[in-house]
1. Please find, among Glu19, Glu3, Glu7, the residue that is more than 22 Å from Trp72 (Cβ to Cβ) and surrounded by 11 or more Cβ atoms within 10 Å (Cβ to Cβ).
2. Give segment 62-84 a look and list any residue that's touching a helix residue (DSSP H, G or I) at 6+ places or on another chain (Cβ under 9 Å) and farther than 30 Å from Gln20 by Cβ, or say none.
3. Do we have any residue at all in segment 71-92 that's in a loop (DSSP other than H, G, I, E, B) and surrounded by 11 or more Cβ atoms within 10 Å (Cβ to Cβ)?
4. Among the residues of segment 57-85, how many are among the β-branched types (Val, Ile, Thr) and closer than 16 Å to Asp41 by Cα?
5. Taking the options Asp64, Asp60, Asp41, Asp54, name whichever one is surrounded by 14 or more Cβ atoms within 10 Å (Cβ to Cβ), out of contact with any Cys (no Cβ under 9 Å at 6 or more places or on another chain) and without any contact (Cβ under 8 Å) to a residue 40 or more places away in the chain.
6. Of everything in segment 67-98, what is among the acidic types (Asp, Glu) and free of Cβ contacts under 8 Å to residues at least 40 places away in the same chain? Give them in sequence order.
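Rule-based calculations on the coordinates, nothing more; no lab input. If you're wondering where the values come from, they're calculated on a predicted model, not measured in any experiment. Cβ: placed from backbone, ideal geometry, glycine included. Neighbour counts: every protein chain shown.
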Amino acid sequence: MTEIIKEPTLKELRQNEVEQYEKNVVTYQTILATLPTEWPDHLLEYRNAANQHDDIAKVDDLDDVALLSKLWYADQCRKSIRTEIVEMTKAKAILDTM
C-alpha cells in the first residue's frame, strides 16, 4: 500500500515560518531573562568589542570573564530578538497577501 504524503501549501509554509519566528523570539526572551543585562562601569570598554576572544584574554579576573561572556550573550540575544521580529514582520506581510 502506497502512502500519500500531502505537500504543504505555500500559505501553510509561510504560516510555519511565522510560527518559527514567534518561537525563536520567545526562546531568546527566555534566555535573556536568565542573563545579566546591566554593564558595570569597569567593563563598559568591552561592550562593543570587535574581537571578543582577544579582548577577554586581557581580563585577569575570572569573575569578570564569566560576567563579560554573559553580558555579550545577552546583547547577542537582544539583537537576535530584533532580527527575528523584523523577519517575522516581513513573513506576516507576505502571508497577508496570500
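1. Just a single option satisfies the conditions, and that option is Glu19.
2. Asp64, Val65, Leu67, Leu68, listed by residue number.
3. No, there is no match, as no residue in segment 71-92 is in a loop (DSSP other than H, G, I, E, B) and surrounded by 11 or more Cβ atoms within 10 Å (Cβ to Cβ).
4. 2
5. Checking each option against the conditions leaves just Asp64.
6. Asp75, Asp96
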